[in-house]
Amino acid sequence: KIQSSHLPTITDSRIQDFLKKSLGPRQAVKLKSANVTLPASIERGLLPSVLALLKRTTKTRLNKLDEKGWSLVHYASAHCRADILSALLIAGCNGNQCCQTPDQTDTHTLPIHLAAQNGGLDAVCCLLRYGATPTAEDNNGWLPIHYAAFHNYQVIVGHLVGVAPESIDAVTSDKEGATPLLLAAMN
């Protein structure tokens, strides 16, 4: 077992180096605060800088929504970063937090919806392991399985059916009233 005292400390300048390589020098200079650097590091999959920034982030910041209405877990789920998602959930992030629109209205879109929509099987499995609900509905009555079927992610559909067999017959509450099978056939 590796103890944290044996791990090298990552400095701010090292984090900036990671970002410069990933984003380029002009974009990296704009990312000086942790509030901006953390989502950018998550999007790019920079696990070392995420871990270093998490050590300096307060518990209240972990679940704070940004101007887009997303928390850190939403970014990790949307970009299918299962390793980072795991670190965020261990650090205390809420895996069942709803996104919000700019007018502060909950959309009921959860991280598991974003992971299923973007084809992140590992991210879906990680979220389920940490208590995400496989049958959670968004505003349109879409479950994660609807998103996976709509975007033709067969492996995720299969996994979600294994976890929640009843979801295969779930009907959306939007005007289409579609099942996962109908969404898959349409696309």
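Throughout, read-outs are computed from the coordinates displayed, never taken from laboratory work. Keep in mind it's a predicted model, so treat the numbers as computed, not measured. Note that each Cβ is placed from the backbone with ideal geometry, even for glycine, and that neighbours are counted across all protein chains shown.
Length available on full extension from Val171 to Ala185: 0.36 nm per residue minus the Cα-Cα distance, which gives 3.6 nm. In this simple spin-label model, placing a label point 7 Å from the Cα along the Cα-to-Cβ direction at both Val36 and Arg129 gives a separation of 3.4 nm. Each Lys and Arg contributes +1 and each Asp and Glu -1, all at the Cβ; summed about the Cα centre of segment 49-126, the dipole is approximately 360 debye. Using the Karplus relation 6.51 cos²θ - 1.76 cosθ + 1.60 with θ = phi - 60°, the per-residue 3J(HN,Hα) values for segment 131-138 come to x, 5, 8, x, 10, 5, 9, 8 Hz, with x marking Gly and Pro.
Measuring between their Cα centroids, segment 83-108 and segment 111-168 lie 16 Å from each other.
Couplings 3J(HN,Hα) of segment 171-182, computed from phi: 9, 5, 9, 7, 5, 6, x, 9, 9, x, 5, 5 Hz, in residue order, whole Hz [Karplus 6.51 cos²θ - 1.76 cosθ + 1.60, θ = phi - 60°; x for Gly and Pro].
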